[in-house]
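Just so it is clear, none of the values below were taken in a lab; they were calculated from the coordinates. A quick note: this is a predicted structure, and the numbers were derived from the prediction, not measured. Using ideal geometry, Cβ is built from the backbone for each residue, glycine included, and neighbour counts are taken over all protein chains shown.
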Amino acid sequence: MLQSKSFLKRTKKGNAIKVVQEHYLRDDIWCSVECCKLCLQTGPVLSTSAMLTAQIPRPHYIVPDTNVFMNQIDIIEHPALHDVIIMQTVYEEIRHLSLPIYNRLRALINDQKKRFYVFSNEHHRETYIQRLKDESPNDRNDRAIRSAVKWYSTHLKKITNKENHIEVVLLTDDVGNRTKAQEEGLSAFSVREYVEGMTDTPELVDILGNSSNVEGDKKVPYEEHLTTSQITNGIKNGTLHQGTLNISMHNYLEGSILSNVNGADTQIMILGRPCLNRAIQGDVVAVQLLPKSEWLRTPTAVVVEEEEEANVNADLKEDGEPKEQNDELESEVIESSQPTGKIVGIIKRNWRPYCGFISKKSVKSSATSTFSENVLVVPMDRRIPYIYIRTRQAQNLMGQRILVSIDAWPKNSTYPQGHYVRALGAAGDKSTETEVLLLEHDVPFQEFASQVLNGLPVEGEAWRVTEEHLSGRADLRHLNICSIDPPGCTDIDDALHVRPLPNGNYEVGVHIADVTHFVKPFTSLDEEAANRGTTVYLVNKRIDMLPELLGSNLCSLRCNVDRLAFSCIWELTSDAEIVNVNFTKSVISSKASLTYEEAQILIDDTRKQDDLTKGIRILNQLAKKLHKKRIDRGAITLASPEVRFQLDFDSQDPVDVEMKELRETNALVEEFMLLANVSVAEKIYSKFPASSLLRRHPPPTSTKLKELSNAIKPLNFSIEFETSRALAESLDRAVLSDDPYFNKLLRILTTRCMMQAVYFCSGTLQFQDFRHYGLAAGIYTHFTSPIRRYSDVIVHRLLDAAINPDKNYGQELVDINKMQKLSDVLNHRHRMAQLASRSSVELHTNIFFKGKIEHNEGYVTRVLKNGFIVLVPKYGIEGIVYSSSASSTTKSQTTPLVVYNSHNNSLESVTPSGTVSIKLFDKVIVQITVDEDLVDGMRQKMKMELVSPFIPGLSVSDNTLRKKEIRIEDEGGNGKRMRIDD
Amino acid sequence: MAPVLISALEADYILKGIDDNLRADGRGRLDYREVILETGLITQAHGSARCRLGEGTDVLVGVKVDIGTVDIDGTEEEVATVKAKRGRVVCNVECSPIASQQFAGRGADDINNELTQMMSRVLNGPQGGLNLEKLCIIPGKACWIVYIDALVLDYAGNIVDTMFMTTRAALFNTQVPKAIIHDLGDGEVEFDLSEDVEEWERIEGWEHVPISVTLNKIGSRHIVDATPLEELTTEAKLHVMVNRNGKICGIQKSGSGSIEHSLLNEMVQTGRSLGQNLIISLDKMLLQEEYDINEKRMRNKPVEKLGFFAAT
């Protein structure tokens, strides 16, 4: 039977087009119930052992309405719910309303254990209904759902007898729909009613979305957001600015967006809760600039405003809000007036589930209470505001990390409203905290799905290189190839070889694991790897991009087995000049898997004279020459205060911290990898000028470096930053003979002024913007680590297509848009992976310092108005030392202990023994502890307090340390003696 | 149009019959043939109707509305006060070559132009009945343009009357999408269309759209709804456009013969009363048809259309 469906569409020109689609109704759509004899289905989905609850003790199938999926998807995902019929009407509505929820629903439908069945009621002859005159589409859809429920209910009566009768239950939070259904004799419940009837799983009630149950305090009313068309128009005619909101790490009431104002990229500050207007970190917002007279608000004004707010929220603060704002720092003084704006609308929400913990003070119930109450959840991410949730397990959840989702942020509520999703485990527990940091950094860390694992070679570990593989590959198994990696490395991406040529030149080969042989485009394995983007290294864990079989075995270039590789072979002169370069897929057999240390020993041990060792020595010589050339071109040697933990074998708790050691051999491998990356970048760019995946590093912005340069002026140094070469040279000059760490410190700080290197698609930028500033390379890409980076996988495919003129390659390699989108994803993943590993280090540092009190030497890396930041080289950690005690920030101080001197950017304090000043690069001694009491002991934080120089009232005066002399190891050798007084 | 010959005997027979108020098919002088009219058979159009008159004349009208800019031709004053605030109606009539031998090749060009112009003149003025102001979305900028396309599928005399009747029905059937106007502030307005096709408005003023009654002067008498043979005998034709209130909305004469003053008066009066009655019964039918369709939908019964198979 033919029906027609039509809708209106507007073309780009603005014309209105009526599109008519034919819609066929069928009589062969089956009910998919296990015991049905009437329907001719194969493989029914719905089981006869359907849902049973205390409230509805008869077996029944659930038919949820669209609003249930939209607001309560977390409930639907709960394992306690199964045997659900999803009406096509609902399914399609969800697809239009929210893609993320639609995808979650799809995952549920695919999950065979959940037994979710999509019933095509819109195509079913008996359930299809036409829309009536004056009926809204919503009402029509509601009626369509009811009509299908009715069909099911009569159909089930036909196919089951009295004893094993199965019912259908409509779940909807729409009162109108529910009453109409009940009038029609169908059983219908609201989600709350239904879930409350599921007495076996009481936690479900908590998961219920929080839509309207919190009475907002009307004291902080937010301004109404503008309508979409007003925003679009405002952005079009330049009165509004669009950007992604970025909240300051130090102050969650200070945000900014980057937007184009009058043709120049400008940072627009957004200060205070009313101006932030319910936007959350990451939201795409529309901002209106405030009049210039309001621009001049210095950071002090922010704090003042907060005080006002503190008064406004006095009652809330007393029993609800942890007094955490005290922690917030005034950021540096902004010298020139900064454009300031307020958020008038939100273009795109970027909410995700947030990890957090329940604020103890907001829980009012007693330990035995099971009433549901509103509590505040403090998110782990400081940039996210607190979230109201309603729970009846507040007592149980205290002390645990929980995952919550934000549902809404009504304009009369100070904080957004959300709901509990699941508990992650006890706070402070290492595995819980690791999961938290993975979730917080959006790292996909689930086990690989069976679909993905099915893409692996069927032979599994028994997979071998066979004759077949040799076709189209160079057989390099006879070469003396070896790999050099950190100890314990199982995913060996790269291996090297060198051999002298008769003409006095050298043949040098870099062999990279041929991952693309196993990871073919458009397979689930490829999609999964593209989504993961990179392997994430945590202190105690590695989250692989590829399944272990590939990463640690089949692709890994282990010694003494044949492995497939992608080789890059140069002819180099003895001065390390490239004569020519050749790329080929190959089969290799590594002769040795060395660690950096072993390789170093081989180089140094003159007794060893075998070919392999000689080769490594030649490589070492060549690498040094390459390095020198690179430095001459202006490459910058950067530094990071990274440390390495020694973990206890059993508990995996850190027992010691050591600086990462760098050996000659590290540099050896690095030089050749850089060479390979540059050569490959040139090759793929020559073949794919528009769609190569490259990596660039933009030059740093001068303002930050200028600040740094000013700071070291008193030391008679300066930083030139016109070119990377000038910068490198000026860094080389800045050496203090009595403090070898100074140069490294300067490099660390310079590194922080640098932009992030990013992947990009070559078609989106001009050639001169391709430069990699830090490496001083005109063109660069990532080719050498395909096991742990997806970018390299793409580059392998590009290179393969570039060297084989007859090779058929997929369109995805030449699609500029797709390539740019991919590089955006990879940049995001890459950044998140870095942040996750940093958080992991921080977590382990905290575990390390638990219960310890240490005094250590550190350097001042930043002076703020009410404190300064200290870097402790020994542990590579950084912390804030507050110059005003916590209690005094909110109250006006009568006699400040320390005064900020903006003239020379230092903090000064007048003590009985003279003026003590603290400025950038000063050496200080700090006491490091882990503050466990902060915020109910749920957020551990490294605490640093000043020990020396001594400032009364500020420096710590711990009894145990009183009058105790502490010897400070000074690398300068003239061990100073310091006395701790009180 | 190529001259089609008719024998003198045939012409005489028709003339005599008319004198006796008995035409070849048994009708009196002022009788119409049976009308079959159905609306809404082109789903892709915003409105449509098809009308078949007797055994022959068959006209299909499709109405399509689209967004366009207001008409800005003319003096500044005229544009500012009238045209900027109005929508437009664009007509096109085409006689299909399959309808008649006369329409083959270039033969149809003249008649197509004549009919198109006639329809355009009647519908675009105030006499056309349609409320053109209501078709304006944003004054000075966007408006609805109503495209009326009439296709003559078959010919058995009296195209003009059939065409106007069908057009009226098609306009009644037309569903104009709802434009939602947003105020962006600063006097700027933008609009969106409601995606929902069921949210529509009828063209305001459709009920005032006139129909035509064509009177053919044969001998000293006049007849309505002439067959092709009668049209050949006609000395002069008078198309009288009448609306439901019996108001004359237009008169056009065609043919080479002359009409005396008294006869002209009589013909106009006849046309007026006939047209008014015709409109009344036509409207009754249209409303009934719509009501029936809604009834069927409400009971979830299939709505079947006569489609193109309708015939007497």
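Here are a few things to note about the model shown:
- Modelled label reach - B:Asp20, point 7 Å along Cα→Cβ, region B:215-242 residues with backbone N closer than 16 Å: none
- Net lengthening on full extension, A:Ala107/A:Lys292 (0.36 nm per residue, minus Cα-Cα): 61.5 nm
- Rounded to the nearest 10 degrees, the inclination of helix B:8-19 to the longest alpha-carbon principal axis of chain B is 70 degrees.
- On the basis of the beta-carbon distance and an R0 of 41 Å, A:Glu223 and A:Thr751 show a calculated FRET efficiency of 0.50.
- Around the Cα centre of region A:388-476, unit charges on the Cβ atoms of Lys, Arg, Asp and Glu (plus for the first two, minus for the last two) sum to a dipole of about 800 debye.
- Relative to the longest principal axis of the Cα atoms of chain B, the long axis of helix B:261-298 lies at roughly 50 degrees.
- Relative pair counts by distance (%), Cα atoms of chain A, 20 Å bins: 11, 36, 37, 15, 2
- Gain upon complete extension [A:Ala462, A:Tyr809; 0.36 nm per residue less C-alpha separation]: 122.0 nm
- Shape of chain B, Cα gyration tensor, a/c cut at 1.5: prolate
- Violating pairs (Cα-Cα greater than 20 angstrom) within the set A:Lys852/A:Lys923; A:Lys37/A:Lys158; A:Lys292/A:Lys342; A:Lys348/A:Lys821: A:Lys852/A:Lys923
- Residues whose amide H falls under 5 Å from that of A:Leu170, counting only those 5 or more places apart or on a different chain, are A:Val63, A:Ser187, A:Ala188, A:Phe189, with hydrogens built in the peptide plane.
- Bridging of A:Lys411 to aspartates and glutamates at a Cα separation below 14 Å is possible for A:Glu215, A:Asp217, A:Glu223, A:Glu224, once same-chain residues fewer than 8 apart are set aside.
- Cα shape, region A:47-201, gyration tensor, a/c 1.5 rule: rounded
- Shielding by other protein chains, A:10-21, mean Cβ within 10 Å: 4
- Counting, for every residue in A:233-245, the Cβ atoms of other protein chains within 10 Å of its Cβ and taking the mean gives 1.
- Nearest 10 degrees, 0 to 90: helix B:159-173 Cα axis against chain B principal axis: 30
- Over region A:1-55: Rg over Rh, Cα atoms, Kirkwood Rh: 1.33
- Shape call, region A:662-727: gyration tensor on alpha carbons, a/c limit 1.5: oblate
- Whichever aspartates and glutamates have a C-alpha closer than 14 Å to that of A:Lys585, once near sequence neighbours (fewer than 8 apart) are set aside: A:Glu468, A:Asp475, A:Asp494, A:Asp514, A:Asp562, A:Asp800
- Placing a pseudo-label 7 Å from each Cα along the Cα-to-Cβ vector at A:Tyr537 and B:Glu55 gives an inter-label distance of 9.5 nm.
- Take the Cα of A:Ser524, step 7 Å toward its Cβ, do the same at A:Val825, and the gap between the two points is 1.7 nm.
- The calculated FRET efficiency for the pair A:Lys9 and A:Ser471, based on their C-beta separation and a Förster distance of 45 Å, comes to about 0.30.
- Among the trypsin sites (Lys or Arg not before Pro) in region A:1-94, those located in a DSSP loop and surrounded by at most 13 other Cβ atoms within 10 Å of their own Cβ are A:Lys12, A:Lys13, A:Lys37.
- Dividing the summed helix terms, -39500 (n - 2.57) for each DSSP H run of n ≥ 4, by the number of residues in chain A produces a 222 nm estimate of -8500 deg cm²/dmol to the nearest 500.
- R0 of 22 Å, Cβ-Cβ distance B:Tyr13-B:Gln101: FRET efficiency to nearest 0.05: 0.45
- Straightening the chain between A:Gln182 and A:Gln609 buys 144.7 nm, computed as 0.36 nm per residue apart minus the Cα-Cα spacing.
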